[in-house]
1. If you take every DSSP beta bridge fully contained in region 145-266, what fraction is antiparallel? Give it as a percent rounded to 5.
2. Starting from the Cα of residue 181, draw a straight line to each of the lysines and keep only those under 27 Å, dropping any in the same chain fewer than 8 residues away.
3. In what sequence do 27, 174 fall when counting other Cβ within 10 Å, fewest first?
4. What ranking of 442, 260 emerges when the number of other C-beta atoms within 10 Å of each C-beta is taken as an exposure proxy, fewest first?
5. Please arrange 489, 455 by counting, for each residue, the other beta carbons lying within 10 Å of its beta carbon, fewest first.
6. Within the set of other residues whose C-beta is less than 11 Å from the C-beta of residue 365, count the net charge using Lys and Arg as +1 and Asp and Glu as -1.
7. What ranking, highest mean first, results for peptides 5-17, 180-192, 287-299 when packing means the other Cβ atoms within 10 Å averaged over each residue?
8. Can you check how the C-alpha radius of gyration of region 376-493 compares to 2.2 N^0.38 Å, as a plain ratio?
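Just so it is clear, none of the values below were taken in a lab; they were calculated from the coordinates. Nothing here was measured: the structure is a model prediction, and the numbers come from that model. Here the Cβ is made from the backbone with ideal geometry for all residues, glycine too, and neighbour counts use every protein chain on show.
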Amino acid sequence: MNLFKAHSPATLDGVSNLRKRLRQRLSALAIPNAVSEDLQLVWSEWGANLVKHPAQPPIQIEASIDLQGATLVMTIADDGTPYPDMVASGPSPLLCEDPWAMESGRGLALIKDMVEGIAYQVGDVERRTPNLLTISRNLMDRRPTVLVVDDDPTLAQSYAAFLGSNFKSVVATSLDEAFRKASETPVDLILTDYHLDDGTGESIISLLERDSKRLPAPVLVITGDRDPDLKMRLEDHGVEGVITKPVSPVQLNRLVRHAFRRTLRQQAALMRHFEAIARDLRAEHQIVHRLKGFKVERLTASTDTGSGDALIIHEREGSQRIILVDMVGHGIVAQASSVAFLSILRTINALHPEINCGALITQVNRILNEDIGLSGLLCTFAVVDCYPDGQIRMASAGHVEPVIASSEGVHPIPISGPLIGLSADQEYEGVEHLLKPGERLFLMTDGLDPAGLASGDQLPEWLEAALQKTVSEGTTSPTPIESLRRCISEALGPELEDDWTLVSICRETPPEP
């Protein structure tokens, strides 16, 4: 689904003007501010480098943004000579390994830090094919977010680079900027230098404590001061830990990870409160649900004491409605969002019991776009209406495609529908399928394959084999769903990357008279 496409002259003014158009379009789509700002910066950095550095600068530059599953893909095309300092890597050359050595406004390393995937393809002048830079940014990034604060931009970027792919980094170079970004973006941990131009690291705690709208986050302070009294004072003030310079990447990752885990344990009581509320909304007291003509079984696991996945089963006149939700985030943030969103879904179901699954998603999408208080609430979800004759109707909002498994194999059901909350005028359509005896419909969240399913990739081979095995064992094993749970646990291992939920729907065999 294309969201934006525009071109500009290959001049600095042209790059600036197209950035303004890009900002307006992204604002209209209501995507998170951090994503919007990063994509604009990618365009500005790359556009400026294309104007300045190729042997023959391009005449025209074009930017295009497409939505693929929950991933935004930006493609920047130019008709100049290939960009220097690129390294061939198969058919898709990548940025060189030392991007800091490249001459740029703020360094092309920033581009690599802000995206999940990046590739460069050299064009052909004779065939009039352009050079292409392709980057991808996942809207459903579930990594913990670390706010890195240091008044030295190089050090701030270095610390962010140290955290690598384990954490999502937001960089600030002043106390004011840190407070603003912490207020705008849910932050899981703050890593700050002690001496800042406009204050100290402990000042951040005082500023954030005044903001009752944000959740508390642990603070780690980096300092070259080895005075034990300073460390004691910072810890008394509420700092989670003090890191003495110099700090290595391995040490920094270990300390950040430990601080993050300690905070999760400290928040367990509050998490259990949200969990108790959400459990009633999700109907989680049941693993197996027997509906009119259908049997629904649910498997789920979470990375910590709370989950952003949720299952709703709603009784309707003449059918049953099953909704699987996957909230962005993790822990307490996902729990709070889950409670709010599930309440919205249940309210719409109660007020409009007659609308079909596609109309339900359309209505939810309009509400999210009209209520500014709900902006930034990101999730995917699938809605399935089950009728007594075996007919099912399905619609999706950016969710992983449902899968039909039978003795003949495993087949995804293509359902189009972008993430909700991006555009108010988006309409969602449903698809129909007659679920035959012996078939199973599987709904799942992308936590079963975080790297692939979120971007619309096919099922991993191990999961496809496990689903097929569940169907084949359905007539020989009394508990095929438990066998499936064991297969998933073995494949994902004890330390999960993300929450996951899998729901199996099959025709219920009527009891013999």
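1. 10 percent
2. 20, 112, 168, 213, 231, 245
3. Values: 27 11, 174 15.
Result, fewest neighbours first: 27, 174.
4. Values: 442 24, 260 21.
Listing 442, 260 from fewest to most nearby Cβ atoms yields 260, 442.
5. On the way: 489 13, 455 19.
Placing the least packed residue first, the sequence is 489, 455.
6. Numbers: positive: 366; negative: 370, 425, 427.
Net of charged neighbours comes to -2.
7. On the way: 5-17: 15.1, 180-192: 20.8, 287-299: 16.9.
Result, highest mean Cβ count within 10 Å first: 180-192, 287-299, 5-17.
8. On the way: Rg = 15.3 Å, N = 118, 2.2 N^0.38 = 13.5 Å.
Relative to the rule-of-thumb radius for its length, region 376-493 sits at 1.13.
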